[in-house]
1. Name the residue that is nearest to Glu122 (Cα to Cα), counting only residues in segment 53-85 that are assigned to a strand (DSSP E or B) and of a type in the set (Gly, Ala, Ser).
2. For segment 36-52, give me each residue that is assigned to a helix (DSSP H, G or I) and either surrounded by 12 or more Cβ atoms within 10 Å (Cβ to Cβ) or charged (D, E, K, R) (or both).
3. Name every residue in segment 8-35 that is under 30 Å from Ser72 (Cβ atoms) and either at pLDDT below 80 or outside any loop (DSSP other than H, G, I, E, B) (or both), in order of residue number.
4. Can you tell me which residue within segment 76-127, out of those that are of a type outside the set (Val, Ile, Thr), within 12 Å of the chain's Cα centre (by Cα) and at pLDDT below 95, is nearest to Leu65 (Cα to Cα)?
5. Among the residues of segment 154-174, how many are part of a helix (DSSP H, G or I) and either out of contact with any Phe, Trp or Tyr (no Cβ under 9 Å at 6 or more places or on another chain) or more than 16 Å from Val129 (Cα to Cα) (or both)?
6. So is Lys132 at pLDDT below 95 and surrounded by 15 or more Cβ atoms within 10 Å (Cβ to Cβ) or not?
7. Mind listing whichever residues of segment 21-55 are over 24 Å from Pro159 (Cβ atoms) and aliphatic (A, V, I, L, M)?
8. Does any residue in segment 53-75 that is buried (at least 16 other Cβ atoms within 10 Å of the Cβ) come within less than 7 Å, Cβ to Cβ, of a residue that is in a helix (DSSP H, G or I) and of a type in the set (Phe, Trp, Tyr) six or more places away or on a different chain, and which pairs are these?
Amino acid sequence: MKYYKPLFLLALISLLFSCATPVAYVDFDHKTNFDEYTTYNFYAPETDLSIVEEDTIMGFIEKDLQAKGLESQVISKFSIDFYVEFIKLEDSFISSTGNTSYSYSSPYMVMTISFTDALTSELFWQAVVERKVYEYISKEKRIELYQKFVTEALSKYPPSAEDIQKAEKEKTLAK
């Protein structure tokens, strides 16, 4: 019975993480007037993804930004760059008796979306979204995750007045 306990815990943890929603971490220049950025264009993506997947992600981003009233233009106010990576983190557990250890790798999908001023090339907004994923996921499931990642990231664009005030306060406290 003592051999099943670690496996049960591992299965429970895996179940909890598989149901998790993506987590977005956003950073931005709090001095930016986001109302000035009304048009966008994409950098040519440099990812390890297929062209179809890159186009799909660009479509998700474009749909979200257009719903916010922004327009795609060749000569634009800001440029969008993104990349997706799959990483593995090593996790270890030690049994309750302290004499047996277990380790396994946890695959994560991480998407970064960056907005830079088209004239100055200054980064003014960035989101990094991550989630633990199964090691082998189908193409359909990956496309579904791309949609969720883009939605989660862009739900925080443009930053709310509260987020801007919070960033200013944190910068003041850091001084």
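1. Across segment 53-85, the extreme among qualifying residues is Ser79.
2. Hit for segment 36-52 is Glu36, nothing else.
3. Going residue by residue through segment 8-35, those that are under 30 Å from Ser72 (Cβ atoms) are 21-35.
Answer for segment 8-35, where residues must be under 30 Å from Ser72 (Cβ atoms) and either at pLDDT below 80 or outside any loop (DSSP other than H, G, I, E, B) (or both): Val23, Ala24, Tyr25, Val26, Asp27, Phe28, Phe34, Asp35.
4. This residue is Tyr83.
5. The total comes to 14.
6. So Lys132 passes the test.
7. Correct list: Ala44, Leu49, Ile51, Val52.
8. Within 7 Å, the pairs are Thr56/Tyr146; Ile57/Tyr146; Phe60/Tyr146.
The values are calculated or read from the model by the stated rules, or taken from the named source; none is laboratory data. Keep in mind that this is a model prediction, so the values were computed, not measured. Cβ coordinates were reconstructed from backbone atoms using ideal geometry, including for glycine residues, and neighbour counts include every protein chain displayed.
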